[in-house]
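This report concerns only the one structure given below.
The values are calculated or read from the model by the stated rules, or taken from the named source; none is laboratory data. For clarity, every value in this text was computed on a predicted model and none was experimentally measured. Because the Cβ atoms are built from the backbone with ideal geometry, glycine has one as well, and the counts that use them run over all protein chains shown.
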């Protein structure tokens, strides 16, 4: 296929790095075109985010860095560490930024995510899901052989024995934490005696090294209102905290007690013994988290900035009260609340249709759109949205500064 | 990373093509491993679908072929063609099967999908969405230069002029159909005089060749009950049919009037002048379509077979009344109705959690699951589910026969 922007690109390249600044635009560069503008990792021309072909997933670097700094400051003040969950961003570049700003490592949900993070230079990885099939156990043990900082979870005695056998077969001692259920009944072993039994078994098995516990209280993260959220998570996490004490009283040495998340990041240090917080969404934020309210602001959770947006283009403006864009369910997911049109008021956006987004104007809509206009959407729920894209455009002052590969995209296995 | 299944693979390879048949399994091959079993496109060993690493997206070839044959037979009996929508499967292999069984071409929703289909040997492509930005218009015109069977849609006079200018700049005459809105207000021009004006402009513009119309009545496809669905779509499509007559009376030659879909495939031939049906989901089916009821069977839409499934593995069985699997929203989407556990009764499945699926047992549940057990899910809504996966395993008699790349995955631009 021929270059589709030959003349424009030649013009831009001829003009070198001088500012070509197009604040509103009906243009659009593909990822391949923009990649061709990079030499030794440096952009040779200025490309505004408004010039990107759409739908495009973008992260604002200033806002992302603000979020990283806020987390680092809060963790420091609270005397606790962060171990961010990479299932949110699936980007080794962001994992590296997190570790460089003080995180003790990252979490992953899947062994395929852990593999791709390690292959991209991340060496402290806690996999929070128990591997149950021989294939996944083998993959995890292969990773453990190469990556001394890899820690696995287990939640049953049978599983612990399988892990130990696989490790022994490789002359390996694999680092393991016990996953303790905070009352969700989803994963993990029940707290108390069952967890103690499992921890003692892990400690005794020849192929395993007992490192501690994890307990992820997912059900509390989106509870609206800071006080209610605090009360709920402290109650939910109490049995896990008691379990930690039980383990320690039994003589087990625990150096990890991992849990918590973005919704409770400034509460989790009140959980006795918790060593690190598995925050994920704070890097990007999304419409779901904006709704829950914060400690200072009860209506909007404004602790972190919404850095992740989808750029979309208006395709049709012919029908009263609405317009149609090119970002539907395949670009936005159908999570609720729906995406938020950034910088505008009384304009709603729905992405229930696979291929098209629907813009609807309220009585006090701040603007209307014409065909070719672009708009920017704060994503509904960051994790599954990121999982739709192969690349994230890294933006600063509305200009493209880098293109990050979503190296873990689609890695659900 | 070392091979994670070295011993098993060596054993299987040493045994050549002899049947290694493992009907239930806690094993799991990765896509890369299975690809290594293919020589010249032929599998050298038998791998059961139950041995796949999970989550895995599978299509049953016998069921897929049954669906293709059923569509071909119905279209033949009704004297109308099919022009299947490739946005559903995003697989060139399936597009080729559709054309080989009588379809006149395929549709795509995005120019990136059209490009990838053409690069993979598909030469009759109707792009159903209007391209509005210079980049997308350029991409479409580049494709038109190379692919004589590429037809584009337009829905406004301004857009038609832009398309013509872009074509003229390339010394090209581009094939165009007018998109007519069937009352959804989403895309297209209104029927009647506005559509006639647009069609006449397209016919006159130097860079464009007028080919006809499309009108996709998406709102009728999932109406429950055959009679209600028939009444609604015939009413919704009447203005488009009248518009076609208006165009023809004005002297315009139309050889395409494309519309309809899987829900109305056996109704669409009643729309006067319709030339071809844009069926998509019929190849795979899904829980959403199963619900709408058919002409013969009012409770289940059994015209086509659910060929597309997700394989999942049980991760946790410790909590009463439920089990947890490894296929959550990132593997299944959160579309409703939820995925259906194939072959079982009174067992529900929800995928509201990003990483985990929840299995719940009713009073008359046909079975319970243990850690490591695999289960098969009929997908909720096929289009966005396919868009999550890089590969589809093609299965016959529960054995892996091929691995198909979802070449158009993520191509929302």
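List of remarks:
- Residues satisfying the stated conditions in the stretch B:357-366, i.e. in a loop (DSSP other than H, G, I, E, B) and loosely packed, with under 14 Cβ neighbours inside 10 Å: B:362, B:363, B:364, B:366
- In the stretch A:226-241 there is no residue matching the filter, namely being more than 24 Å from the chain's Cα centre (by Cα), at pLDDT 95 or above and in a loop (DSSP other than H, G, I, E, B).
- Every test in (1) modelled with pLDDT under 95; (2) over 27 Å from residue A:219 (Cβ atoms) is passed by residue A:297 save one, and that test is (2).
- Residue A:183 touching a residue at least 12 places away in the same chain (Cβ under 8 Å), buried (at least 17 other Cβ atoms within 10 Å of the Cβ), closer than 30 Å to residue A:297 by Cβ and over 23 Å from the mean Cα position of the chain (by Cα): yes
- Condition broken by residue A:200, with the remaining ones in (1) outside any helix (DSSP H, G or I); (2) more than 17 Å from residue A:258 (Cβ to Cβ); (3) more than 11 Å from chain B (Cβ to nearest Cβ) satisfied: (1)
- Within the stretch A:143-153, considering residues that are farther than 15 Å from residue A:206 by Cβ and surrounded by 22 or more Cβ atoms within 10 Å (Cβ to Cβ), the one farthest from the other protein chains (Cβ to nearest Cβ): A:151
- Residues in the stretch A:333-380 that are at the interface with chain B (Cβ under 10 Å from one of its Cβ atoms) and over 22 Å from residue B:388 (Cβ atoms): A:358, A:370, A:371, A:372, A:373, A:374.
- Only one of A:199, A:160 that is more than 20 Å from residue B:370 (Cα to Cα) and at pLDDT 95 or above: A:199
For (1) out of contact with any strand residue (DSSP E or B) (no Cβ under 8 Å at 6 or more places or on another chain); (2) within 24 Å of residue A:327 (Cβ to Cβ), each residue gets a yes or a no:
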residue	(1), (2)
B:132	no, yes
B:141	no, yes
B:167	no, no
B:171	yes, no
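- Restricting attention to the stretch A:203-220 and to residues that are part of a loop (DSSP other than H, G, I, E, B) and surrounded by 24 or more Cβ atoms within 10 Å (Cβ to Cβ), the residue that is farthest from the other protein chains (Cβ to nearest Cβ) turns out to be A:217.
- Filtered residue count, the stretch B:42-68, keeping only those that are in contact with a strand residue (DSSP E or B) (Cβ under 9 Å, 6 or more places away or on another chain) and either at positive phi or assigned to a loop (DSSP other than H, G, I, E, B) (or both): 6
- Within the stretch A:69-82, the set of residues being assigned to a loop (DSSP other than H, G, I, E, B) and closer than 19 Å to residue A:124 by Cα comprises just one member, A:80.
- Within the stretch B:242-278, the set of residues being within 23 Å of residue B:109 (Cβ to Cβ) and part of a loop (DSSP other than H, G, I, E, B) comprises B:254, B:255, B:260, B:261, B:265, B:267, B:271, B:274, B:275, B:278.
- Residue in the stretch A:34-45 that is within 28 Å of the chain's Cα centre (by Cα), within 12 Å of another protein chain (Cβ to nearest Cβ), modelled with pLDDT under 85 and surrounded by 20 or more Cβ atoms within 10 Å (Cβ to Cβ) present: no
- Single residue of the stretch A:121-138 satisfying the filter (more than 14 Å from residue A:160 (Cα to Cα) and assigned to a loop (DSSP other than H, G, I, E, B)) that is farthest from the other protein chains (Cβ to nearest Cβ): A:124
- Selection status of residue A:161, within 9 Å of another protein chain (Cβ to nearest Cβ) and free of Cβ contacts under 8 Å to residues at least 60 places away in the same chain: no
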